[in-house]
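Quick notes on the structure that follows.
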Ligand SMILES: [Zn+2]
C-alpha cells in the first residue's frame, strides 16, 4: 500500500464523498475489506467461517499482533488533510498519534501522551507537535480575538470554547509580535487576519511543545526530545519558523523552546518571516520594511 501516492492522488482529485450515513458506513467497511485483503491475504472470507463452529474457527490462521513500539509520539490537528502517518510516510506501529482540533493540549491529550511516553519508553525517542497552515481551529480563535463580540457565536458551545480558548493565548502573543515587527497600523492591512493566523499556527505549535517539555520533562526522564513543526498544506513540507516553504527545499522540525523568553523571540522571528509577510499587502510591506525583499 503506497500511502504517499494515495495522499498525492487525493490532492489532485477530491476523493469521493459518500452521500448518506449508509454509504459512509459502506465506504469504511469496503476500505477495511481491501485493507484485510492486502495485510492478511490468507484470512478466509467471513462467509466460509461458521461463526458457531469452534473447529472451523481454530483453523483461521492467527497472526499475533506486534508489540506496540512506536518511535515517535505525534500531537497533531484533527484536520482531515493532515494525517500524520501519511505526511511522514510512516508505517503502522511507528507513530503514536494524538489528534485534536488545533493540536491543543487538554487533559486527555496530556494523559495519552503521558501514557505513551511511559509505556513505550524503550522505543519512543521523539515527541512532535505538528500544526498546519490554514488551521480552522486557529482561524476560529483569531476571529474570536478580532471580534470579541462574536466570540460566543464563533465558539458556540462550551466544548468548542475550550479549544478556542486554548489557542487564544498563542493568538494574543502573535498579535503583539506582528504589531511590534510591522507597526501598530498592521491591524488595518487587508492581509492582517491571514498573517495573524499564520503566526498563531506557529506559536501555538511552539507553545504547546514548550508546555509539553516543561510539564513532562521527557528528555530528562526518558531521553525523549520534544520538537515542533508546521505542515504546509500547499507544499506538503513540514516547515520550521526559519524556513520559507516556497524557496527552501528541506522539511524541518524545530526544538521546543526552553524558556518563555524564547517564545517571545519566536513570535518576533515568525512575524518577520516570509511565512507571515507574504499575507500583507505589497504596499504595506514596502512602506514598513523596504529593505526586505519578500515575495
Ligand atoms: Zn487544524
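What follows is calculated from the coordinates using simple rules that are stated; it is not laboratory data. All values derive from a computational prediction rather than experimental measurement. Using ideal geometry, Cβ is built from the backbone for each residue, glycine included, and neighbour counts are taken over all protein chains shown.
Relative contact order (percent) for region 197-268, with alpha-carbon contacts under 8 angstrom and 6 or more residues of separation? For region 197-268, the relative contact order is 33 percent. With a Förster radius of 51 Å applied to the C-beta separation of residue 259 and residue 65, the computed FRET efficiency comes to 0.75.
Sorted fewest first by neighbouring Cβ atoms within 10 angstrom, 176, 238, 82, 142 come out as 176, 82, 238, 142.
If packing is taken as the average count of other Cβ atoms within 10 Å, what order do 194-200, 111-117, 165-171, 218-224 fall into, highest mean first? List each step's numbers first, then the result.
Values: 194-200: 26.6, 111-117: 17.4, 165-171: 22.3, 218-224: 15.1.
Per-residue mean Cβ counts within 10 Å order the peptides as 194-200, 165-171, 111-117, 218-224.
Here, region 137-295 has an Rg and a Dmax of 16.1, 51 Å when only alpha carbons are counted.
Each of residue 184 and residue 110 was given a label point 7 Å from its Cα along the Cα-to-Cβ line. The distance between the two points is 3.7 nm.
Kirkwood analysis of the Cα pair distances in region 102-157 returns a hydrodynamic radius of 13.7 Å. Extending 7 Å from Cα along the Cβ direction at residue 219 and again at residue 249 yields two label points whose distance is 3.1 nm.
Suppose the chain between residue 234 and residue 99 were pulled fully straight at 0.36 nm per residue; how much longer would it get relative to their current alpha carbon spacing?
Values: separation 135, 0.36 × 135 = 48.60 nm, distance 2.05 nm.
Full extension of this stretch gives 46.5 nm more.
Sorted by packing (mean other beta-carbon atoms within 10 Å per residue), highest first, where do 121-127, 148-154, 104-110 land?
Numbers: 121-127: 16.9, 148-154: 12.1, 104-110: 15.3.
Per-residue Cβ counts within 10 Å, averaged per peptide and sorted highest first, yield 121-127, 104-110, 148-154.
Once the Cα-Cα distance is subtracted from the 0.36 nm per residue extended length, the residue 32 to residue 288 segment shows a gain of 86.7 nm.
Of 35, 71, 120, how do they rank once you tally other Cβ atoms within 10 Å and put the fewest first?
If I rank by nearby Cβ atoms, fewest first, I get 35, 71, 120.
With the simple model of a label 7 Å out from the Cα in the direction of the Cβ, residue 39 to residue 118 spans 2.8 nm.
Using the Cα coordinates of region 211-271, the gyration tensor eigenvalues translate into equivalent-ellipsoid semi-axes of 24, 15, 8 Å, sorted from longest to shortest.
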